[in-house]
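**Student:** Here it is: the structure, laid out below.
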């Protein structure tokens, strides 16, 4: 089975060849290259933006607008015509090449060259960090088969070059995913999870911090069946200032309530169930949840 991670720079939507924990339904479009679009909200996705500024030419501005609407082939033309001495335009061209159809080795190789040159020019600059992140994504997602070791090294190098940059912190989240997916021994998984938790505890980017908790939640559940740790991470996701889609939040509330019940914490379970009842007034599960609340209240 081949793992392919798709979706928000956070987590994660599956295609039919993967089993990554899902935030919920997503349009069937490739959104691997979207995390760098300048301050665009695409449906439910908040995309980490490039600060393109007003100094960009109209061609470059057209290019970013086209990328935001998934018109990568047209965006490639816009960025090709733009001033290539501006590294932001070259970054845009690389992004457009990754999304252009049909997918070709020539476009992938050209994008890889652009990102490598931008990264090597200054690994800790804003453009350099973003270019380094895309280099890692090429190894992780665009190469077939995926180059797991190379991807992990590139994600890690991107974070190490700029540990306070939002994209650097998101790169560490992806490093955690790639590393943990390849770790099978339970003891080693726990060690890697503790290491990952320590490294991400000081994140300043709220989106990266929320996504780190999501990774911890998923691997504590799926690889260790650690109910207490899973519950702790679910509650961290629920209390994150980064908003969740309703369908995602409601599902997590039920999961947290059930885990609390299994752990023998009735009050905690009731708290999550009651939050669901208060928030999910039109959800079809509300009647079953109300019955569960009544049962738990009667058992006290």
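**Student:** For residues that are in a loop (DSSP other than H, G, I, E, B) and more than 15 Å from the chain's Cα centre (by Cα), scanning just the range 182-214, find the one that is farthest from residue 224 (Cα to Cα). Reasoning before the result, please.
**Tutor:** Of all residues in the range 182-214, those in a loop (DSSP other than H, G, I, E, B) come to 182-185, 201-205.
With the extra rule that they be more than 15 Å from the chain's Cα centre (by Cα), the set shrinks to 182-185, 201-202, 204.
Details: 182: 14, 183: 12, 184: 10, 185: 10, 201: 21, 202: 24, 204: 28 Å.
Here the answer is 204.
**Student:** Here's a follow-up. Take residue 113 and tell me if it is at pLDDT 95 or above and farther than 23 Å from residue 180 by Cα.
**Tutor:** Working: at pLDDT 95 or above: yes; farther than 23 Å from residue 180 by Cα: yes.
Here the answer is yes, as residue 113 does meet what is asked.
**Student:** Continuing with the same structure: Mind checking which pairs have a first residue in the range 186-203 that is farther than 18 Å from residue 221 by Cα and a second that is surrounded by 12 or more Cβ atoms within 10 Å (Cβ to Cβ) and at pLDDT 95 or above, Cβ under 6 Å, 6 or more apart or different chains?
**Tutor:** Correct list of pairs: 200/212; 203/169; 203/209.
**Student:** Can I ask one more? For the range 229-248, which positions are closer than 19 Å to residue 287 by Cα and in contact with a helix residue (DSSP H, G or I) (Cβ under 7 Å, 6 or more places away or on another chain)?
**Tutor:** Of the range 229-248, the ones closer than 19 Å to residue 287 by Cα are 246-248.
Within the range 229-248, none qualify.
The values are calculated or read from the model by the stated rules, or taken from the named source; none is laboratory data. Predicted model only: the values in this text are computed from it and were never measured. Note: ideal-geometry Cβ built from the backbone for every residue, glycine included; neighbour counts use all protein chains shown.
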